[in-house]
1. Can you give me the number of residues within the range 1-17 that are hydrophobic (A, V, I, L, M, F, W, C) and surrounded by 10 or more Cβ atoms within 10 Å (Cβ to Cβ)?
2. Which of the residues belonging to the range 19-52 are surrounded by fewer than 10 Cβ atoms within 10 Å (Cβ to Cβ) and in a helix (DSSP H, G or I)?
3. Pull out all pairs, ordered by first then second residue, where Cβ-Cβ is under 6 Å, the residues are six or more apart or on different chains, the first lies in the range 33-47 and is at pLDDT below 95, and the second is outside any loop (DSSP other than H, G, I, E, B) and aromatic (Phe, Trp, Tyr).
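The values are calculated or read from the model by the stated rules, or taken from the named source; none is laboratory data. Treat the numbers as computed from the prediction; the structure is a model and nothing was measured. Note: ideal-geometry Cβ built from the backbone for every residue, glycine included; neighbour counts use all protein chains shown.
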Amino acid sequence: RQWDCRGASNLDELHQRLSEIMIRRLKNQVLTQLPPKIRQRIPFDLPKDAAK
């Protein structure tokens, strides 16, 4: 038997159950608690068959 995972059902129940255990934080609320960004360039060779 295969499951069809497309679409959604029972979203109201899912939202209610998750709201009891999940905490939503916005970026501007936690920005002072985050470490600074580190940006790196990492060169690599792209295989010829993967290039467009």
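1. Counting residues in the range 1-17 that are hydrophobic (A, V, I, L, M, F, W, C) and surrounded by 10 or more Cβ atoms within 10 Å (Cβ to Cβ) gives 1.
2. Lys27, Asn28, Gln29, Val30, Leu31, Thr32, Gln33, Lys48, Asp49, Ala50
3. none
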